[in-house]
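A.B. asks: Take a look at the following structure, please.
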Amino acid sequence: MDLRDFYLLAALIACLRLDSAVAQELIYTIREELPENVPIGNIPKDLNISHINAATGTSASLVYRLVSKAGDAPLVKVSSTTGEIFTTSNRIDREKLCAGASYAEENECFFELEVVILPNDFFRLIKIKIIVKDTNDNAPMFPSPVINISIPENTLINSRFPIPSATDPDTGFNGVQHYELLNGQSVFGLDIVETPEGEKWPQLIVQQNLDREQKDTYVMKIKVEDGGTPQKSSTAILQVTVSDVNDNRPVFKESQVEVHIPENAPVGTSVIQLHATDADIGSNAEIRYIFGAQVAPATKRFFALNNTTGLITVQRSLDREETAIHKVTVLASDGSSTPARATVTINVTDVNDNPPNIDLRYIISPINGTVYLSEKDPVNTKIALITVSDKDTDVNGKVICFIEREVPFHLKAVYDNQYLLETSSLLDYEGTKEFSFKIVASDSGKPSLNQTALVRVKLEDENDNPPIFSQPVIELSVSENNRRGLYLTTISATDEDSGKNADIVYQLGPNASFFDLDRKTGVLTASRVFDREEQERFIFTVTARDNGTPPLQSQAAVIVTVLDENDNSPKFTHNHFQFFVSENLPKYSTVGVITVTDADAGENKAVTLSILNDNENFVLDPFSGVIKSNVSFDREQQSSYTFDVKAVDGGQPPRSSTAKVTINVMDVNDNSPVVIYPPSNTSFKLVPLSAIPGSVVAEVFAVDIDTGMNAELKYTIVSGNSKGLFRIDPVTGNITLEEKPNPSDVGLHRLVVNISDLGYPKSLHTLVLVFLYVNDTAGNASHIYDLIRRTMETPLDRNIGDSSQPYQNEDYLTIMIAIVAGAMVVIVVIFVTVLVRCRHASRFKAAQRSKQGAEWMSPNQENKQNKKKKRKKRKSPKSSLLNFVTIEESKPDDAVHEPINGTISLPAELEEQSIGRFDWGTAPPTTFKPNSPDLAKHYKSASPQSAFHLKPDTPVSVKKHHVIQELPLDNTFVGGCDTLSKRSSTSSDHFSASECSSQGGFKTKGPLHTRQFVFPIAG
């Protein structure tokens, strides 16, 4: 049978396989002594294994792995990718593999191996049996190169004498097949006797009579040959010695004997007593027992034979597992040429003297006896194939296998005596890093014997745990003004992994520029100096990241609170506070609020205020900063108050700062205009007929001791100019001639001039009478004064020419009536024209002045409505002229001013000419609570201020108080600029901003064409 036949036979046997889901079996037949890399079989082809996953339909990459024992030299190898089986460099020697065994058939020498198919989804355990066929690689050999045989001389022809058989480790045809006697000298021949066991025993045949005296020794050669191809042979020298005759041989009672002896029989135990008899007598009857030549040397070591008695005893401890049956051939010889032969079969019975054997072969190769698994390996990961066996038999050889204690591993039976060691649950390195357990194999003998195998499994860490901070939020506090590099805390995180997976590095997140963090130790230090006033709290994150693959990380929030130190003095919002109050503000009213801040915190920012140098004119609340007056204000007596304020914080030591406070008293319109010129209400001016239009014919001049707009005056002719012959400048008070007088204008003219200021909240007024006498000369002055006295009986709202009493010569009466009639027409036209122009100018100026007034704010004045108007330095006229004038105050909602005495009414143009009047009602109302800490923000500081100029021709509205001031006969009033205008030292009072155009007094003659008003604008 050639090698191809063996492969075909192996393929047929491979069809007989076990369940493909768990285990399968293949049988291959090979010859011994094959060279390396000779293919034996193909596992996937022989088992028809598909590489397609039935569940997913995808192609899988299968891995074939030979299960081997640590330290074994494998006789075959398996390709991990193709599953092909090949021979290795380790030659397969059948005689060595099956040494000491006796086989009846050629296929009885084999070895087994296991192959696993991975991964787990395709797992299979393939059990492979490889039968090793014999090759004629050994020559048959005799026991000794020289064989001595003694033959009696009286031996009959054709007598047979046994020759020691040759042995050949090969079997079958490769074993001993043929003996040949060389150089037999025709005296001896050779015959071969085949025993029932198939052994061939050579026998020497005597073919001629022997005569010891002629020749006592014959030397020949015997050749033995096997049946192999090529044939192998060997020879030995056969030396025959011719001896004397003993013609009876011993005879055994039983030629075939079988006995049983336990394997634990002690040395010296009798096995059997053999007995043979000999019919001869004397020395020829003396029987000597010896082992036959076919008895194996090993058997002779276990048993002893008494040469005299034939008793076989145990001379060495027996082991059934080593040799269960011993066959002993005993020869009984009396010295004759043919001894008696008896065959004794000794059966060694089993005793439970062998513990089970555990054959542990790893699927996952161990390192120094330890299997390394990853904690992410799935359940049922195969670790090792365990084969248990027991050399004992029957009950003593029945073995069970189990794991000694509870571990995440189990044994899965695949054959009667084989188990797979697998993981039974998911592994967790952080729970248990190493497992050491015993696999126990126990037999069923009495007493039971067991064997253990230690398995060590170490888990390899996987980076499956992120670092964990002991606190998710870390709160710290540090005082400001620290030193750089100040230690704050140590940030610590733990990682349940190990090795580099547990090596943690720390990293600061954004918004952490004020800090340094040691990446290894987690020590947090301050990299800068903290200033609580700049930043009181820092919130940032710290990241802890391990060095695993991929790395895992976690974060913690860090909150650093900066503690305050008293390193900031109180700070006023202004170095110089300026407040503006009305002079009519009641005592104990709030005049302002001091605002002070301290950038520190807690007690360090608790500020207490105090006044340093005020003479108790003001009271300062030490906590709210509210300043209240302790005096009644009179701007004409004192226009401003200045003192220092000190702020002290509550720190240790305390810190302080000071600021300057100025209280500016704003003017209130509490003084009426005072007429300076004309000197009296009975004086007159001569207007010659030759006077040209535009020339100044008279002057009216008055002063107001208030300031600012309260001192600005407006001159208006309210009566006596029905012909429109005269015009008064509203600013300078100069009366000019509008047209050249004609004869009809000759006579006395009485002009009622209203002088009003532009004060707030109410304007004050004064009326003055101006008499103009139109004529070329004024020769009879007494007549003129008489006319003046007579006009006092005429109401002020009527022209003196309307009186029934003749003030002129009768010659002029008719002419005057005509002139007046014509003049009235002209006056009406002029009046309408002037009225229209004044309305446009008034609206423009009022809007401009309202815008300027809206820029000003002042503290809330308490009980302003209930404060009565101060009346200072006002003298009632002592003249009887007051009998004709009644001072009345018109209602605010009156459409037209009421007449002065019921008969005089202000002309409509006075109501229309209001563009120069400061409209306080248009200013946005502002109310400040005295206890508001931000009140000071609404007061103007002493910073440089812009100014705007009010043009001198700005019309001024008529006020609601009317009075005729009786002037002295001689103008004796002399006043300086200081008397007329009291200015604030800070120039911030918009009521005190007027400037004088002359020094030492007022000009009573000549026009006053320009007056400048300076208004501070809030910066």
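The values are calculated or read from the model by the stated rules, or taken from the named source; none is laboratory data. Here the structure is a predicted model, which is why all the values come from computation and not from measurement. Here Cβ is always computed from backbone atoms with ideal geometry, including for glycine, and neighbour counts include all displayed protein chains. Ligands, DNA and RNA are stripped out before the accessible areas are found, and what is left, the full protein with its side chains, is counted by its heavy atoms. Shrake-Rupley method; radii C 1.70, N 1.55, O 1.52, S 1.80 Å.
A.B. asks: Apply the a/c threshold of 1.5 to the C-alpha gyration tensor of region 210-335 and tell me whether it is rounded, prolate or oblate.
C.D. replies: Verdict is oblate for region 210-335.
A.B. asks: Right, something else. Using per-residue counts of other Cβ atoms within 10 Å, averaged over each peptide, order 111-123, 668-680, 728-740 from highest down.
C.D. replies: Highest to lowest by the protection proxy: 668-680, 728-740, 111-123.
A.B. asks: Further, regarding this structure: Based on Cα positions only, what radius of gyration and what Dmax would you give for region 528-623, in angstroms?
C.D. replies: Cα radius of gyration and Dmax of region 528-623 are 24.8, 86 Å respectively.
A.B. asks: When N counts the residues of region 688-739, how does its alpha-carbon radius of gyration compare numerically with 2.2 N^0.38 Å, as a ratio?
C.D. replies: Rg over 2.2 N^0.38 Å, computed on Cα atoms: 1.32.
A.B. asks: Give me the percent of Cα-Cα pairs in region 138-194 that sit more than 14 Å apart, rounded to a whole number.
C.D. replies: Value for region 138-194 (Cα pairs over 14 Å): 64 percent.
A.B. asks: Computed over the Cα atoms, what is the radius of gyration of region 83-173 divided by 2.2 N^0.38 Å, N being its residue count?
C.D. replies: It is 1.88.
A.B. asks: What accessible area per residue comes out for region 386-481, rounded to a whole number of Å², with a 1.4 Å probe?
C.D. replies: Solvent-accessible surface per residue comes out at 53 Å².
A.B. asks: Restricting everything to alpha-carbon atoms, can you work out Rg to Rh for region 544-697 with a Kirkwood hydrodynamic radius?
C.D. replies: 1.50
A.B. asks: What ranking, highest mean first, results for peptides 659-665, 421-427, 526-532 when packing means the other Cβ atoms within 10 Å averaged over each residue?
C.D. replies: Descending packing order for the listed peptides: 659-665, 421-427, 526-532.
A.B. asks: Send over a whole-number figure in Å² for the accessible area per residue of region 196-327, probe 1.4 Å.
C.D. replies: 57 Å²
A.B. asks: Would you mind telling me the share, in percent, of accessible area of region 642-714 contributed by carbon and sulfur at probe 1.4 angstrom?
C.D. replies: Solvent-exposed carbon and sulfur of region 642-714 make up 56 percent of the total.
A.B. asks: While we're here: In region 543-624, what percent of the accessible surface is made up of carbon and sulfur (1.4 Å probe, ligands and nucleic acids excluded)?
C.D. replies: Carbon with sulfur: 50 percent of the solvent-accessible area.
A.B. asks: Where the Cα atoms of region 174-231 are projected onto their three principal axes, how long is each span, largest first, in whole Å?
C.D. replies: 44, 27, 13
A.B. asks: Right, something else. Students often get this wrong, so check it: of Lys223/Lys253; Lys96/Lys127; Lys605/Lys628; Lys45/Lys232, which have C-alpha atoms separated by over 29 Å?
C.D. replies: The pairs that break the limit, which is 29 Å between Cα atoms, are Lys223/Lys253; Lys45/Lys232.
A.B. asks: What share of all Cα pairs of region 343-384, in percent, falls into each consecutive 10 Å distance bin?
C.D. replies: 19, 29, 17, 14, 13, 6, 1
A.B. asks: Once you have a ≥ b ≥ c as the square roots of the Cα gyration tensor eigenvalues for region 374-517, tell me rounded if a/c is under 1.5, and otherwise prolate or oblate according to whether a/b is larger than b/c.
C.D. replies: Because a/c hits 1.5 or more and a/b exceeds b/c, region 374-517 counts as prolate.
A.B. asks: Rounded, prolate or oblate: which fits region 33-96, taking a ≥ b ≥ c as square roots of the Cα gyration tensor eigenvalues, rounded meaning a/c under 1.5, else prolate when a/b beats b/c?
C.D. replies: prolate
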